[in-house]
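Colleague: Okay, here's the structure, questions in a sec.
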Amino acid sequence: MPELQRLTAAHAPAVLAFERANRAYFAASIADRGDEFFAEFTERYSALLAEQEAGISAFYLLVAEDGAVLGRFNLYDLEDGTAELGYRVAQHVAGRGVATATVRELCRLAATRHGLRTLRAGTSRENVASQRVLTKAGFTPADPGVSGGKDGLWYQRDLTAQQ
């Protein structure tokens, strides 16, 4: 059974493999991270761990029994009881409820472990699947914006309300 785990240094090879394997799939719905992301992966990964250690962000992975990363689920800019949620799942598990179930679990952790009261998440207008995930996980449309470099929508969830 897949497990939601806090990002650690030991996960780096699996995260890089996940990003490489799903690059084209992700680029279909959000801006491509570009070759520099992969060239500078070690430095960027270290920076994420430093952000997490500083309490600015909290990064999670959905990890399969064999150690492969099935998805990344991140809380950014933790401040004053709010944060932004970002996530991506591997193409081979997309459309199976994995993202919805994990976003729900992360909402629970955001409230209980991180003391958050509100989460915001952005998605491009074309990413209907992500919009469905957010809606099923208790988010409601908040306002227009830019997500992943594309025209998008912001969604919000009150973590203090029972879902």
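All of the numbers you see were taken from the coordinates with simple rules; none came from a lab. Keep in mind that this is a model prediction, so the values were computed, not measured. Every residue, glycine among them, receives a Cβ derived from its backbone with ideal geometry; neighbour counts consider all protein chains shown.
Colleague: Please count how many residues of the stretch 111-135 are in contact with a strand residue (DSSP E or B) (Cβ under 6 Å, 6 or more places away or on another chain) and assigned to a helix (DSSP H, G or I).
Modeller: Result for the stretch 111-135: 3.
Colleague: Tell me, yes or no, whether the stretch 49-61 has at least one residue that is within 17 Å of C107 (Cα to Cα), of a type in the set (D, E) and either out of contact with any Gly (no Cβ under 7 Å at 6 or more places or on another chain) or not in a loop (DSSP other than H, G, I, E, B) (or both).
Modeller: There is no residue in the stretch 49-61 that is within 17 Å of C107 (Cα to Cα), of a type in the set (D, E) and either out of contact with any Gly (no Cβ under 7 Å at 6 or more places or on another chain) or not in a loop (DSSP other than H, G, I, E, B) (or both).
Colleague: Identify the residue in the stretch 72-110 that is part of a strand (DSSP E or B) and polar (S, T, N, Q) and, among all such residues, is farthest from L62 (Cα to Cα). Break it down into steps so the answer makes sense when it comes.
Modeller: Step one: filter the stretch 72-110 for residues part of a strand (DSSP E or B), giving 72-79, 82-89.
Then drop every residue that is not polar (S, T, N, Q), which leaves 74, 82.
On the way: N74: 11, T82: 22 Å.
That would be T82.
Colleague: So M1 clears everything in (1) over 17 Å from the mean Cα position of the chain (by Cα); (2) in a helix (DSSP H, G or I) except one condition, right? Which one?
Modeller: Every listed condition holds for M1 apart from (2).
Colleague: Only one residue in E105, E53 is of a type in the set (D, E) and either in contact (Cβ under 8 Å) with a residue 12 or more places away in the chain or crowded, with 16+ Cβ neighbours inside 10 Å (or both). Which one? Talk me through it step by step, then tell me what you get.
Modeller: On the way: E53 fails: either in contact (Cβ under 8 Å) with a residue 12 or more places away in the chain or crowded, with 16+ Cβ neighbours inside 10 Å (or both).
After ruling out the rest, the residue left standing is E105.
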